[in-house]
Amino acid sequence: MENILEKNEIIAAENNALFSKRGIFVLNLLGSPGSGKTSLLERTIEYLKGELCLAVIEGDLFTSKDADRIARQGIPVVQINTSGGCHLDASMVKGAINQLDLTTLDLLIIENVGNLVCPAEFNIGEDAKATVLSITEGEDKPLKYPLIFKQSSIAVLNKIDLLPYTSFDMTAAQGDIVSINPFITLSPISCQTGEGLGVWYGWLKQQVKIKKDMINCLV
């Protein structure tokens, strides 16, 4: 396991250096199956594609269903199938970015395989991780799977339109997440209604700007 992670870190550093050279902000989007990662992507692309140049890498076990949805948004998308693997690794991402024109990109979002465990352990060269938690999963998930929240820069609490129909304790969930990671940004949203998405969009745009400004300072 140590050898695998060490080799992965080397390739991840190469990926990150390439992204940094181009001034591209890269987000590793994490979450359980059905948490709403692809729906969040669709909303995000629709809102930002007139302002930023975006591309998506889609990780999935076997199908291209999510990539097909993203392709309908009219932006570049590359599919990675892991053939049963529970996460993306840096080598997979390295192969995928060879299919993208990095010279034009501001933002690259990598939707990882649906899983709250394995993807947290593998750096793929991203600038930040974001974890999507659906309120239908229950507020106990942050304490059950703390590593993914500890490593994430933002936690998106999705499907808040369903709060009246669940026993989800939003205060407890947010408190647990902050206890794991005091520096994390919390973003309660509904992809269905659009509620709260302004915070998410603003956070993304700020990260893109910070990355661009950092590169400009080095030039």
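Tell me, please, whether a residue that is buried (at least 16 other Cβ atoms within 10 Å of the Cβ), modelled with pLDDT of 95 or more and closer than 20 Å to residue 122 by Cα can be found in segment 172-181.
For segment 172-181, residues buried (at least 16 other Cβ atoms within 10 Å of the Cβ), modelled with pLDDT of 95 or more and closer than 20 Å to residue 122 by Cα: present.
Quick check: anything in segment 86-107 within 22 Å of residue 204 (Cα to Cα), modelled with pLDDT of 95 or more, of a type in the set (A, V, I, L, M, F, W, C) and in contact with a Leu (Cβ under 6 Å, 6 or more places away or on another chain)?
yes
Inspect all residues belonging to segment 14-25 and state whether any of them is assigned to a helix (DSSP H, G or I), farther than 20 Å from residue 210 by Cα and modelled with pLDDT of 95 or more.
yes
Within the group 16, 81, which residue is in contact (Cβ under 8 Å) with a residue 60 or more places away in the chain, of a type outside the set (A, V, I, L, M), closer than 22 Å to residue 123 by Cβ and out of contact with any Pro (no Cβ under 6 Å at 6 or more places or on another chain)?
None of the others qualify; the one that does is 16.
Cβ contacts < 6 Å: first residue crowded, with 20+ Cβ neighbours inside 10 Å, restricted to segment 135-153; second residue outside any loop (DSSP other than H, G, I, E, B) and of a type in the set (D, E, K, R), any location; separation 6+ or different chain. Result?
142/176; 152/129
Considering segment 86-98 alone, what residues qualify as being buried (at least 19 other Cβ atoms within 10 Å of the Cβ) and under 16 Å from residue 24 (Cα atoms)?
Selection gives 93, 96, 97.
Could you grab me the full set of residues in segment 196-208 that are part of a helix (DSSP H, G or I) and over 14 Å from residue 54 (Cα atoms)?
Once the filter is applied, which keeps residues that are part of a helix (DSSP H, G or I) and over 14 Å from residue 54 (Cα atoms), segment 196-208 yields 197, 198, 199, 200, 202, 203, 206.
Mind checking which residues of segment 29-38 are surrounded by 20 or more Cβ atoms within 10 Å (Cβ to Cβ) and out of contact with any Leu (no Cβ under 8 Å at 6 or more places or on another chain)?
36, 38
Determine which single condition residue 170 fails, assuming it passes every other condition in (1) touching a residue at least 40 places away in the same chain (Cβ under 8 Å); (2) more than 17 Å from the chain's Cα centre (by Cα).
(1)
Filter segment 39-85 down to the residues that are β-branched (Val, Ile, Thr) and farther than 23 Å from residue 207 by Cα, then identify the one that is surrounded by the most Cβ atoms within 10 Å (Cβ to Cβ).
So, considering only residues that are β-branched (Val, Ile, Thr) and farther than 23 Å from residue 207 by Cα, the one surrounded by the most Cβ atoms within 10 Å (Cβ to Cβ) is 80.
Being among the small types (Gly, Ala, Ser) and within 18 Å of residue 37 (Cα to Cα) narrows it down to one residue among 138, 125; which is it?
Checking each option against the conditions leaves just 138.
The values are calculated or read from the model by the stated rules, or taken from the named source; none is laboratory data. These numbers come from a predicted model, not from an experiment. With ideal geometry, Cβ positions are generated from the backbone for all residues, glycine too; neighbour counts draw on all protein chains shown.
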